1. Can you find even one residue in region 46-69 that is at pLDDT 95 or above and either of a type in the set (Asp, Glu) or within 24 Å of the chain's Cα centre (by Cα) (or both)?
2. Within region 179-195, which residues are out of contact with any helix residue (DSSP H, G or I) (no Cβ under 7 Å at 6 or more places or on another chain) and closer than 22 Å to Arg324 by Cβ?
3. Hey, does region 137-157 have a residue that's open to solvent by 20 Å² or more (accessible area, probe 1.4 Å), modelled with pLDDT under 85 and either of a type in the set (Val, Ile, Thr) or in contact with a helix residue (DSSP H, G or I) (Cβ under 6 Å, 6 or more places away or on another chain) (or both)?
4. Six or more apart or on different chains, Cβ atoms under 7 Å: show the pairs whose first residue is in region 247-269 and among the small types (Gly, Ala, Ser) and whose second is part of a strand (DSSP E or B).
5. Might you check whether a residue that is of a type outside the set (Phe, Trp, Tyr), outside any helix (DSSP H, G or I) and under 20 Å from the mean Cα position of the chain (by Cα) occurs anywhere in region 13-34?
6. So, Ala105, is that one modelled with pLDDT of 95 or more and under 20 Å from Cys261 (Cα atoms) or not?
7. Any residue at all in region 101-115 that is aliphatic (A, V, I, L, M), farther than 30 Å from Lys235 by Cβ and open to solvent by 50 Å² or more (accessible area, probe 1.4 Å)?
8. Looking at Asp337, Asp305, Asp322, Asp295 in this structure, which one is out of contact with any strand residue (DSSP E or B) (no Cβ under 7 Å at 6 or more places or on another chain), assigned to a helix (DSSP H, G or I) and among the acidic types (Asp, Glu)?
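The values are calculated or read from the model by the stated rules, or taken from the named source; none is laboratory data. Small disclaimer: the values here were computed from a predicted structure and weren't measured. Cβ placement follows ideal geometry from the backbone for every residue including glycine, while neighbour counts extend to all protein chains displayed. What goes into the accessible areas is simple: the full protein's heavy atoms, side chains included, and nothing from ligands, DNA or RNA. Shrake-Rupley method; radii C 1.70, N 1.55, O 1.52, S 1.80 Å.
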Amino acid sequence: MCIRDSHTNRVGVGERLNELGWRKIHNETQVAAFGMWDTFNGKAQRYGRVLDLPREEVNCMSNKKAWSRGMLEHGHADKIPPTFLEISEAIEARDNPALHQDWHAKPIYLKLATGVEGKGTQRCDNLDDLIHKWSKIDSTKYLAQKEILPQPLAISPQMPSGYKHVIRAYVLNGEGPKWYLHEAFYTKYAPMETPVIMPGHTSFYGRLIEDFPEGYLEFFQRMCEGIFGLGESFKNVGNATLKKKPAVEVHYHIHGLDVVCDENWQPYTIEVNVYPSLKVDNPEIFPDFETHRKDRYECRKMLDDFYEFMVFPHLEEGKEGDPRGWIECWPRCPSDDDVQEFFTKRGIFDQCAEFAQAQQPGWDTDLPEIRASQQHDLH
């Protein structure tokens, strides 16, 4: 394709565009074919024809307390872990036997509402310990969530013993407005004793479909329902895609969701990353894509599908292209039949069968050590 101009400070997005022959421009009087929000300097790349949503339009989802409240108020409590938004709720649950629940006697995370990468998170032993720690800090800045770490998922034939993981899902706001989920999911593994999973604690990465082929099929449908809940709860974010400046042809935004599952592969979104890492590996250094770090392998798939769906068709034809690995989840939540059709079209059933067949007894022996040794550029 011909060389096009871009304004972007998003690591990964710019790398992939450079690979495809694009060049970054710095003169803001020049109209770029592709623009993204400058996350470092806090200003819009105003002249992009295809433009990431400005920060103020999506910030309502970056505060964990505000985001959780939105989900609860719109009737989607089942899409997030059981949660206390205020310390008064925890105290009431402690003092009123009618409000006691099993999870109150188990570990609970006390989380800073606007913390990043797990910073500010404390792991409490139980409800009493939670209240004790919460009462010593500025309670208005924190919320609490149940730790979801069931045995079958934390320690199973499909996961190295002694490790836990968090799943990263990619969600796209597109015009319509519509919300889409991508088929690529990666997992961050960390030792069980770590208080949270964040880059500093991550031992290695994996691909959900590769490590949990049967779980992937269960997870995907329920994750679609979770994204429908997001779309219902944050219609203002979706509607922001309709606000155009004269030089802008289309608005979009990519979110990164951190998700945990119970023993039935029911997903619970624990937070929304408004500007997730979209870094990919350099093919000049790693020409074999199979050697790319697992998270970046999945991110590359997502970015390529995003460009072919949202960016290039709009620039060339003024309309969206083939969604490829993206499936619409709001305003229309896909049915079981829709998901089955999507799986068939994308070859996901075949991929899952292939990965499941490869999981012969002992396939994961020494897996933590092997994968950790293969992790380059680990945070």
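1. Yes: one or more hits.
2. Tyr180
3. yes
4. Short answer, once both residue conditions are applied: Gly256/Arg168; Gly256/Tyr170; Gly256/Asn273.
5. No - not one qualifying residue is present in region 13-34.
6. yes
7. yes
8. Answer to the selection: Asp337.
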